[in-house]
Amino acid sequence: MRDPGRHAGTESPPRLVADAMLGRLARWLRRFGVDVLWDPGWDDAELERIAALDGRLLLTRDRRLAARTVARESLLVTSDDLRVQLRQVFARLGLDPARPPGPRRCAHCNAVPEPARAEDLAGRAPPYVLRTARRLSACPGCGRVYWDGGQEDRAREVLGRLLGSSGPPES
Ligand SMILES: [Zn+2]
């Protein structure tokens with residue numbers, strides 16, 4: 001069985017599940033390339049079940065859940081500040097902000113977008129994007145279209161600043 005919470009060298013990439021309070025953190029981790037399941041409808045029992053059965057590190061803001069979880073591992077996220085949360089997770093997992101642990105994931109659904117051709121994406125992205133983008137991909141989970149220089153590329157720059165800067169937190 002794989003160790004869910006660790007990432008070093010040739011070990012398998014980290015796999016997480018996050019509680020309802022941590023949707024924003026989950027989206028940012030996905031953008032970085034971390035596999036994070038999140039659904040605001042999951043209650044504590046469901047979260048514990050997924051973490052235990054699927055070998056995932058449970059991220060939670062709930063001290064009681066972190067203490068009593070039957071998951072193999074849990075991480076009590078101690079701050080509401082996104083930047084502090086990211087740093088806590090990166091430290092726990094031993095992640096390097098310069099080295100994503102896996103392919104970039106769809107922030108909305110956690111699937112890995114796949115390369116796509118402009119002619120197959122008509123009507124799903126702005127026409128100028130389909131004409132000019134050098135790299136296009138589409139999410140097999142939710143259908144969103146991603147392109148180089150698009151919103152997700154800019155998000156990654158923001159993530160680098162969140163992890164590197166010591167200035168005031170982003171709102
Ligand atoms: Zn998606």
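Between Leu159, Leu95, Leu130, the GNM of the chain built on Cα springs shorter than 10 angstrom shows Leu130 fluctuating the most.
Which of the trypsin sites (Lys or Arg not before Pro) found in region 49-92 are loop residues per DSSP with 14 or fewer other Cβ atoms within 10 Å of their Cβ?
Those that pass, being in a loop and sparsely packed, number zero.
Among Leu82, Leu37, Leu58, the largest mean-square fluctuation in a Gaussian network model of the chain, built with springs joining Cα atoms closer than 10 Å, belongs to Leu82.
By DSSP, the beta bridges lying fully in the chain are antiparallel in about 40 percent of cases. Toward the positive end of the charge dipole of region 15-93, with +1 on the Cβ of Lys and Arg and -1 on the Cβ of Asp and Glu, the farthest Cα among Ala20, Gln85, Leu75 is that of Gln85.
Note on the chain: semi-axes of the ellipsoid equivalent to its C-alpha gyration tensor, largest first and rounded to whole Å, are 29, 18, 15.
Each Lys and Arg adds +1 at its Cβ and each Asp and Glu adds -1 at its Cβ; summed about the Cα centre, region 20-171 shows a dipole of about 340 debye.
Direction-averaged projected area, Cα convex hull, region 15-93: 4.4 nm², rounded to one decimal.
Every number in this text was worked out from the coordinates using simple rules, so none of it is lab data. Here the structure is a predicted model, which is why all the values come from computation and not from measurement. Using ideal geometry, Cβ is built from the backbone for each residue, glycine included, and neighbour counts are taken over all protein chains shown.
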